[in-house]
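The values are calculated or read from the model by the stated rules, or taken from the named source; none is laboratory data. Small disclaimer: the values here were computed from a predicted structure and weren't measured. Note: ideal-geometry Cβ built from the backbone for every residue, glycine included; neighbour counts use all protein chains shown. Accessible surface areas use protein heavy atoms only, side chains included; no ligands, DNA or RNA. Shrake-Rupley method; radii C 1.70, N 1.55, O 1.52, S 1.80 Å.
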Amino acid sequence: MNILVCVKQVPDPVEIKFNSETASLIRACAANIVNPFDKYALELALQLKEKHGGEVTVLTMGPPQAVDALKECYAMGADKIVLASDSLFEGGDTLATSYALFCAIKKTGEFDLILYGKQAIDGNTAQVGPQVAERLGVAQATCATGIELADDKVLVAREQDDCQEIIEVKMPALVTVAKLAVEPRNPNIRRKIAANKIEMPVISAADLEGIDAARLGLTGSAVKVKKMFAPPVRGAGIKIENETADNAVKALVDYLSNAKAI
Amino acid sequence: MGRENSKNVWVFIEVYDNKIRNVSLELLGQGRVIADQLGEKLVGVVIGDNIAGLANEVIAYGAETAIVVSGNEYKDYSTDGFANALTALVKKYAPSVLLIGATRNGKDLAPRVAGRLETGLIADCTDIEVNSEDRLVEWTKPAGNMMSTSICPDSSPQMGTVRSNVFKKPAPDYNRAGEIVAEDIGTKADDIRTKIVEIIKTVQGETVNLEEAEIIVSGGRGMKGPENFAILKELADILGGSVGASRAAVDADWMPYAHQVGQTGKTVKPKIYLACGISGAIQHLAGMSSSDLIIAINKDPEAPIFNVADFGIVGDLFEVVPLLTKEFRRIKNG
Ligand SMILES: Cc1cc2nc3c(=O)[nH]c(=O)nc-3n(C[C@H](O)[C@H](O)[C@H](O)COP(=O)(O)OP(=O)(O)OC[C@H]3O[C@@H](n4cnc5c(N)ncnc54)[C@H](O)[C@@H]3O)c2cc1C
Ligand SMILES: Nc1ncnc2c1ncn2[C@@H]1O[C@H](COP(=O)(O)O)[C@@H](O)[C@H]1O
């Protein structure tokens, strides 16, 4: 059983501070973490390996410092880690990103099961997984909260708003993983030390046979950002300060009945 | 696909439990606006089994044409079956715009289809407009602490997903005339590589339908712990509303994810949104700032939630909320 997990390094949302004067987020000092949903995907992969044997490979595409994310995955128990990094990959929309990942996966090996996070918490598109599945021509299942092997198929528990679907998916398959009932395991200290010593080969665009550079990064993106702007402010209304709770509540109830809201 | 000769605005009509999802009807409303701006037609595409009755509804909600693909292989949603049918239709008719609801199944389908057609796809848009100069659709959505507007200038169709409650559902007109086109697109059983083997209804209590709640009482990190959500539930019950939560509260496991409001949770548009112990981070605002009335209770007078609140109380929620409940209970009991 060969499992590939694709992870992305993202800024830590807890580290992102809000500046209420400029109403903007202070990102400068934000530390980077492994995208939380990708960690759930890795946890599932490691559990499957423990039960059925095989090998877990982790792939990321990103800047050179994304190697830290890979080392964390190694310390959690991944057997192999692979970094694809090239300025040509930068700034892609999901179409270009999925093309680069597809080429990198082809170069990395053959897999029965490919796990993705449901979405990356920086962009939140939840599109890269299905688009890689499309390029690979494999079956997909999204938003999984559990996976079990059944011969040449996997059984996937898929969350819907009001129910859980259990679906049978033919392998090879690509499954995107949502929040699990268990938290991802902690990195193992010995593996952490070992991870620090790993010399990582870096895959660049030139290493990927037959790759079409015109389909990568910003150039290869179908979606172009036209403008960025501050969100429209919704004017503040009444603010009750330095009042007893009793008076504040009375004022609120009056306000709501005047507004005919209740 | 190239852009030449592409024409008409399409809405993928999602069927769930034999009914059209609200978000699809909302998209017919905004699709109508876009189609009129472009001077093109609005088309709804329904895929399913025994769905003939739904075509009239698509027309009542504003489409000129309903394209219906029916067959037993489309009884349940499957990525392979639906992607096959939808891409076949797009290749045949070449629409200029394709809108899909950002539901679980919509977000499973849309990227697969956009990937197959090699076209752009913008996720979770909060506004869609046509630029009158270049006639391109402009897709707006939150991006970090800013908003971004994107276009898809060179490929077709221009695709985007939209959450429920972003656009208003139009009023249906069952006397509207329209054309119903049945398309026969078979998908071979072998080509559908997934099969639903079981559906387990979510147990533990009631299902949350925040998207349709008229009143939402939400709690954040200021709630201090899971047990305190009981006071919000009590208030929500008196008001006939539902309980929401910030991501901080969900991440701390105080509330299930289904209650999360915001960019990575639900987008809600209730008559009253009451935020208790929520600071008002941009990602939270992204999910609730179009509520009719926003009320905030927070002990920090500088909390950004007060910048959007119609009525704010600077105070301790543990004092204010129980008093509010008491007051509403008194009013209710006359
Ligand atoms: C990519 C991304 C996506 C995100 N998506 C979402 C999302 O979908 N939804 C979401 O909510 N967040 C989201 N976030 C997180 C968001 O940035 C904030 O971290 C989060 O909303 C904070 O939750 P909070 O307001 O409950 O907590 P805090 O910011 O910690 O605020 C707690 C508030 O409670 C007040 N308080 C404390 N005690 C009391 C008391 N006794 N009485 C009254 N007030 C009290 C405090 O003054 C404070 O203002 C996202 C972040 C990122 C980076
Ligand atoms: N640069 C990347 N390298 C590896 N995996 C990625 C990358 N970008 C996205 N992914 C994977 O795709 C998932 C969905 O990302 P997104 O579509 O951006 O929300 C993530 O959870 C990751 O598993």
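General observations
- Gaussian network model of chain B, Cα within-10 Å springs - most flexible of B:Ile59, B:Ile231, B:Ile199: B:Ile199
- Listed residues B:Gln283, B:Gly219, B:Val90: farthest to the positive end of the dipole of chain B (Cβ charges): B:Gly219
- The mean number of Cβ atoms from other chains found within 10 Å of a Cβ in peptide B:312-323 is 5, as a whole number.
- Percent of beta bridges antiparallel (DSSP, region A:2-220, rounded to nearest 5): 45 percent
- Length gained on full extension, A:Ser204 to A:Thr108: 33.3 nm, using 0.36 nm per residue less the C-alpha separation.
- Area accessible to solvent at A:Ile121, 1.4 Å probe radius, in Å²: 30 Å²
- This model, with +1 at the C-beta of Lys and Arg and -1 at the C-beta of Asp and Glu, gives chain B a dipole about its Cα centre of some 340 debye.
- Among A:Ile211, A:Val58, A:Met171 the positive-end extreme of the charge dipole of region A:2-220 (Cβ point charges): A:Val58
- Near the amide H of B:Val181, within less than 5 Å, lie the amide hydrogens of B:Ala66, B:Ile67, B:Val68, all on another chain or at least 5 residues away, with H placed in the peptide plane.
- Estimated purely from DSSP H runs of n ≥ 4, each contributing -39500 (n - 2.57), the mean residue ellipticity at 222 nm for chain A is -9000 deg cm²/dmol once divided by its residues.
- When only Cα pairs below 8 angstrom with a gap of at least 6 residues are kept, chain B shows a relative contact order of 15 percent.
- Computed magnitude of the charge dipole of chain A (debye, nearest 20; Cβ of K, R +1, Cβ of D, E -1): 420 debye
- Under the shape rule built on the C-alpha gyration tensor, where the axes satisfy a ≥ b ≥ c, region A:2-220 is rounded, since a/c falls short of 1.5.
- For B:Val11, residues with placed amide H under 5 Å, excluding near neighbours: B:Val43, B:Gly44, B:Val45, B:Leu99
- Within 10 Å of the Cβ of each residue in A:126-139, the mean number of Cβ atoms contributed by other protein chains is 5.
- Within region A:137-251, DSSP assigns beta bridges of which about 75% are antiparallel (rounded to the nearest 5).
- The GNM of chain A, with springs linking C-alpha atoms under 10 angstrom apart, assigns the highest mean-square fluctuation among A:Asp86, A:Asp161, A:Asp12 to A:Asp161.
- Cα-only Debye scattering, region B:9-191: base-10 log of I(q)/I(0) at q = 0.10, 0.13, 0.17 Å⁻¹: -0.35, -0.60, -1.06
- Cα-based shape type of the protein assembly as shown, given that a ≥ b ≥ c are square roots of the gyration tensor eigenvalues and the cut on a/c is 1.5: oblate
- Relative packing of peptides B:180-187, B:232-239 - highest average C-beta neighbours within 10 Å first: B:232-239, B:180-187
- Take the Kirkwood radius over Cα pairs of chain B, plug it into Stokes-Einstein at 37 °C and 0.692 mPa s, and you get 153 µm²/s for translational diffusion.
- Considering only B:Ala60, B:Ile100, A:Cys73, the residue lying farthest towards the positive end of the dipole of the protein assembly as shown is A:Cys73, judged by Cα position with unit charges set on Cβ.
- Listed residues B:Arg112, A:Arg234, B:Arg221 arranged by accessible area, highest first, probe 1.4 Å: B:Arg221, A:Arg234, B:Arg112
- Computed accessible area, A:Thr219, all protein chains, 1.4 angstrom probe, square angstrom: 110 Å²
- DSSP H segments from chain A that extend 15 Å or more along their own axis, Cα-based, with Kyte-Doolittle mean of -1.0 or above: A:36-52, A:94-108, A:245-258
- 5 angstrom amide H check on B:Gln158, placed H, neighbours 5+ away: B:Val97, B:Leu98
- Within the protein assembly as shown, DSSP assigns beta bridges of which about 35% are antiparallel (rounded to the nearest 5).
- A:Met171, A:Met228, reordered so the largest accessible area comes first (probe 1.4 Å): A:Met228, A:Met171
- Against chain B, whose longest principal axis comes from its Cα atoms, helix B:229-239 is set at around 70 degrees.
- Within 10 Å of each Cβ in A:242-251, the average number of Cβ atoms from other chains: 5
- Residue-wise HN-Hα couplings along region B:269-281, as the Karplus relation 6.51 cos²θ - 1.76 cosθ + 1.60 with θ = phi - 60° gives them from phi, are 9, x, 5, 10, 10, 10, 9, 10, x, 10, 6, x, 4 Hz; Gly and Pro carry x.
- Gaussian network model of chain A, springs between alpha carbon atoms under 10 Å - residue of A:Pro184, A:Pro36, A:Pro232 with greatest fluctuation: A:Pro232
- The charge dipole of region A:213-254, taken about its Cα centre with unit charges on the Cβ of Lys, Arg, Asp and Glu (plus for the first two, minus for the last two), comes to roughly 720 debye.
- Computed over chain B, the per-residue total of -39500 (n - 2.57) for DSSP H runs of n ≥ 4 gives a 222 nm mean residue ellipticity of -8500 deg cm²/dmol, rounded to 500.
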